[in-house]
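Have a look at the structure below, then the notes.
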Amino acid sequence: MGEQQNPLTYEIIKAAVAGEKWATEKVIAHYDSYIEELATVKEKQTDGSVRTFVDEDMKQSIILKLLEKIPNFPLEEAERIAETDEGI
């Protein structure tokens, strides 16, 4: 994937799980290109050509699902991993 422009830190994830709006916005921004990829559809036209576009309704649905799942993120497990990584 290369260098990430919007890396998610433990602090951002923790704030997002706590419901901080700024943090949830950062999570959404982090996954935006992936969400757009998932919401991209191809539609065959009557002339035989194929139109590719981002289905905005699908994109919003995916974002809503992500927002529903953020509070359930296993922070304890992430904390153990973060502590392990710091010890390396």
Notebook entry, point to check: Within the set of pairs 6 or more residues apart or between chains, which connect a residue that is within 13 Å of S33 (Cα to Cα) and in contact (Cβ under 8 Å) with a residue 24 or more places away in the chain inside segment 54-70 to a residue that is in a helix (DSSP H, G or I) and open to solvent by 70 Å² or more (accessible area, probe 1.4 Å) with Cβ atoms less than 6 Å apart?
Noted result: I62/L38
Notebook entry, point to check: Which one of the conditions (1) modelled with pLDDT of 85 or more; (2) surrounded by 10 or more Cβ atoms within 10 Å (Cβ to Cβ) does I81 fail to meet, given that it meets all the rest?
Noted result: (1)
Notebook entry, point to check: Just for segment 8-57: of the residues that are closer than 21 Å to E79 by Cβ and basic (K, R), which one is surrounded by the fewest Cβ atoms within 10 Å (Cβ to Cβ)?
Noted result: K14
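The values are calculated or read from the model by the stated rules, or taken from the named source; none is laboratory data. Predicted, not measured: the structure shown is a model, and the values here were computed from it. All Cβ positions, even for glycine, are placed from backbone atoms using ideal geometry, and neighbour counts span all protein chains on display. These accessible areas exclude ligands, DNA and RNA; they are computed on the full protein's heavy atoms, side chains included. Shrake-Rupley method; radii C 1.70, N 1.55, O 1.52, S 1.80 Å.
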